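The values are calculated or read from the model by the stated rules, or taken from the named source; none is laboratory data. In this text, all values refer to a predicted model and were calculated from it rather than measured experimentally. Accessible surface areas use protein heavy atoms only, side chains included; no ligands, DNA or RNA. Shrake-Rupley method; radii C 1.70, N 1.55, O 1.52, S 1.80 Å.
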Amino acid sequence: RLAELVGKTLALNAKCAFVVRRIAVGDRSGSIPFYVCRNNSGESGLFPEASGVNVHRVIAVPVERFDAAVDWRNLPGRIIVKVDVEGSEYAFISGARQMLSERRPTIMMEVNPDCMRAAGVSWNAMQGLLSDVGYCGYAEAHDPKRVLPLTALDPTAKRNVLLTASL
(Lines give C-alpha, C1' and ligand atoms only; values in the text may rest on other atoms or scores of the structure.)
Protein backbone atom coordinates (compact mmCIF):
# COMPACT_ATOMS: atom_id res chain seq x y z
CA ARG A 1 0.00 0.00 0.00
CA LEU A 2 2.77 2.46 0.91
CA ALA A 3 4.81 1.60 -2.18
CA GLU A 4 1.79 2.46 -4.32
CA LEU A 5 1.38 5.82 -2.53
CA VAL A 6 5.09 6.62 -2.93
CA GLY A 7 4.87 5.80 -6.63
CA LYS A 8 1.83 8.06 -7.11
CA THR A 9 3.47 10.91 -5.19
CA LEU A 10 6.68 10.64 -7.19
CA ALA A 11 4.75 10.47 -10.47
CA LEU A 12 3.09 13.77 -9.58
CA ASN A 13 6.06 15.58 -8.04
CA ALA A 14 9.44 14.08 -8.97
CA LYS A 15 11.76 16.14 -11.13
CA CYS A 16 13.99 13.14 -11.86
CA ALA A 17 13.77 9.53 -12.92
CA PHE A 18 12.72 7.10 -10.18
CA VAL A 19 11.98 3.44 -9.56
CA VAL A 20 9.80 2.10 -6.75
CA ARG A 21 10.72 -1.47 -5.79
CA ARG A 22 8.49 -3.56 -3.52
CA ILE A 23 11.34 -5.33 -1.74
CA ALA A 24 13.20 -5.27 1.53
CA VAL A 25 16.93 -4.66 1.36
CA GLY A 26 19.22 -6.63 3.60
CA ASP A 27 22.33 -8.76 3.66
CA ARG A 28 21.04 -11.62 1.47
CA SER A 29 18.55 -12.57 -1.21
CA GLY A 30 15.41 -14.59 -0.57
CA SER A 31 12.15 -14.11 1.24
CA ILE A 32 11.52 -13.02 4.83
CA PRO A 33 8.51 -12.70 7.14
CA PHE A 34 7.50 -9.07 7.64
CA TYR A 35 5.34 -8.03 10.61
CA VAL A 36 2.91 -5.33 9.47
CA CYS A 37 1.40 -3.42 12.39
CA ARG A 38 -2.24 -2.62 11.78
CA ASN A 39 -2.32 0.63 13.79
CA ASN A 40 1.08 2.12 12.78
CA SER A 41 2.80 0.85 9.64
CA GLY A 42 5.91 2.86 10.61
CA GLU A 43 6.61 0.29 13.31
CA SER A 44 6.46 -2.67 10.94
CA GLY A 45 9.58 -4.77 10.52
CA LEU A 46 11.27 -8.15 10.69
CA PHE A 47 11.41 -8.70 14.44
CA PRO A 48 8.24 -9.66 16.31
CA GLU A 49 9.77 -8.49 19.61
CA ALA A 50 9.82 -4.93 18.23
CA SER A 51 7.37 -4.89 15.32
CA GLY A 52 4.85 -7.53 16.26
CA VAL A 53 3.98 -6.26 19.72
CA ASN A 54 0.79 -4.61 18.48
CA VAL A 55 -1.92 -6.23 16.40
CA HIS A 56 -0.19 -7.26 13.20
CA ARG A 57 -0.28 -9.54 10.20
CA VAL A 58 2.67 -11.39 8.71
CA ILE A 59 3.45 -11.24 5.00
CA ALA A 60 6.30 -12.75 3.01
CA VAL A 61 8.52 -10.08 1.45
CA PRO A 62 11.29 -10.56 -1.10
CA VAL A 63 14.67 -9.37 0.15
CA GLU A 64 17.76 -8.43 -1.86
CA ARG A 65 21.14 -6.92 -1.12
CA PHE A 66 21.14 -3.19 -1.85
CA ASP A 67 24.40 -3.49 -3.82
CA ALA A 68 22.70 -5.93 -6.20
CA ALA A 69 19.19 -4.42 -6.25
CA VAL A 70 20.02 -0.78 -6.97
CA ASP A 71 22.03 0.64 -9.88
CA TRP A 72 23.94 2.83 -7.42
CA ARG A 73 27.00 3.35 -9.64
CA ASN A 74 24.85 5.43 -11.99
CA LEU A 75 23.25 7.62 -9.35
CA PRO A 76 24.25 11.19 -10.23
CA GLY A 77 25.84 13.66 -7.83
CA ARG A 78 25.97 13.37 -4.07
CA ILE A 79 23.73 10.92 -2.29
CA ILE A 80 22.17 10.76 1.15
CA VAL A 81 20.82 7.47 2.46
CA LYS A 82 17.93 7.43 4.99
CA VAL A 83 17.89 4.23 7.03
CA ASP A 84 14.89 3.77 9.33
CA VAL A 85 14.34 0.03 9.23
CA GLU A 86 13.31 -0.89 12.77
CA GLY A 87 16.32 -3.03 13.74
CA SER A 88 17.49 -4.10 10.28
CA GLU A 89 20.18 -1.40 10.05
CA TYR A 90 23.04 -3.89 10.38
CA ALA A 91 21.63 -6.08 7.60
CA PHE A 92 21.05 -3.05 5.36
CA ILE A 93 24.60 -1.75 5.84
CA SER A 94 26.01 -5.24 5.24
CA GLY A 95 24.06 -5.50 1.99
CA ALA A 96 25.07 -1.98 0.90
CA ARG A 97 28.72 -2.41 1.85
CA GLN A 98 30.17 -1.86 -1.62
CA MET A 99 28.11 1.28 -2.34
CA LEU A 100 28.82 2.75 1.09
CA SER A 101 32.56 2.05 0.80
CA GLU A 102 32.85 3.56 -2.68
CA ARG A 103 30.36 6.47 -2.59
CA ARG A 104 30.50 7.33 1.14
CA PRO A 105 27.10 9.05 1.25
CA THR A 106 25.88 10.72 4.40
CA ILE A 107 23.64 8.22 6.20
CA MET A 108 20.68 9.44 8.21
CA MET A 109 19.96 6.55 10.53
CA GLU A 110 17.61 5.95 13.38
CA VAL A 111 19.37 4.61 16.47
CA ASN A 112 16.75 2.55 18.31
CA PRO A 113 18.12 0.45 21.17
CA ASP A 114 14.90 -1.60 21.50
CA CYS A 115 14.93 -2.57 17.81
CA MET A 116 18.66 -3.34 17.88
CA ARG A 117 18.10 -5.59 20.89
CA ALA A 118 15.21 -7.36 19.09
CA ALA A 119 17.52 -7.89 16.09
CA GLY A 120 20.28 -9.28 18.32
CA VAL A 121 22.74 -6.57 17.24
CA SER A 122 24.97 -4.74 19.70
CA TRP A 123 26.07 -1.15 19.18
CA ASN A 124 29.69 -2.37 19.22
CA ALA A 125 28.96 -4.65 16.25
CA MET A 126 27.16 -1.80 14.43
CA GLN A 127 30.00 0.62 15.12
CA GLY A 128 32.54 -1.95 13.88
CA LEU A 129 30.63 -2.48 10.63
CA LEU A 130 30.28 1.27 10.07
CA SER A 131 34.01 1.69 10.68
CA ASP A 132 34.75 -1.15 8.22
CA VAL A 133 32.88 0.69 5.45
CA GLY A 134 34.61 4.00 6.24
CA TYR A 135 32.36 5.88 8.67
CA CYS A 136 34.00 7.59 11.64
CA GLY A 137 31.78 10.53 12.61
CA TYR A 138 28.22 11.42 13.47
CA ALA A 139 26.06 14.45 14.16
CA GLU A 140 22.67 14.67 15.79
CA ALA A 141 19.98 15.37 13.17
CA HIS A 142 18.99 18.53 15.04
CA ASP A 143 22.61 19.83 15.08
CA PRO A 144 24.19 18.64 11.80
CA LYS A 145 27.21 20.95 11.92
CA ARG A 146 28.54 19.50 15.19
CA VAL A 147 30.33 16.32 14.05
CA LEU A 148 31.70 14.03 16.75
CA PRO A 149 33.66 10.76 16.61
CA LEU A 150 31.40 7.75 16.10
CA THR A 151 32.93 6.25 19.25
CA ALA A 152 31.27 9.04 21.28
CA LEU A 153 27.72 8.14 20.21
CA ASP A 154 25.52 7.01 23.11
CA PRO A 155 23.32 4.25 21.64
CA THR A 156 20.94 4.06 24.62
CA ALA A 157 18.56 6.80 23.43
CA LYS A 158 16.28 6.54 20.39
CA ARG A 159 17.10 9.27 17.88
CA ASN A 160 18.16 10.11 14.32
CA VAL A 161 21.83 10.74 13.57
CA LEU A 162 23.82 11.66 10.49
CA LEU A 163 26.76 9.34 9.88
CA THR A 164 29.75 10.65 7.96
CA ALA A 165 33.05 9.37 6.63
CA SER A 166 34.87 12.43 7.97
CA LEU A 167 35.16 14.40 11.19
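Hey, in the GNM for the chain with a 10 angstrom Cα cutoff, which one of G45, G95, G30 fluctuates hardest?
G30
What is the gain in length, in nm to one decimal, between R146 and I59 on full extension, counting 0.36 nm per residue of separation less the C-alpha to C-alpha distance?
27.2 nm
So what is the accessible area of the chain per residue, in Å², with the probe set to 1.4 Å?
I get 58 Å² per residue for the chain.
What is the percent carbon and sulfur in the accessible area of the stretch 52-125, measuring with a 1.4 Å probe over the protein chains and ignoring ligands?
Exposed carbon and sulfur together represent 51 percent of the surface.
Contour minus end-to-end for A125 and Q98, with contour as 0.36 nm per residue of separation and end-to-end as the Cα-Cα distance?
Computed gain between A125 and Q98 is 7.9 nm.
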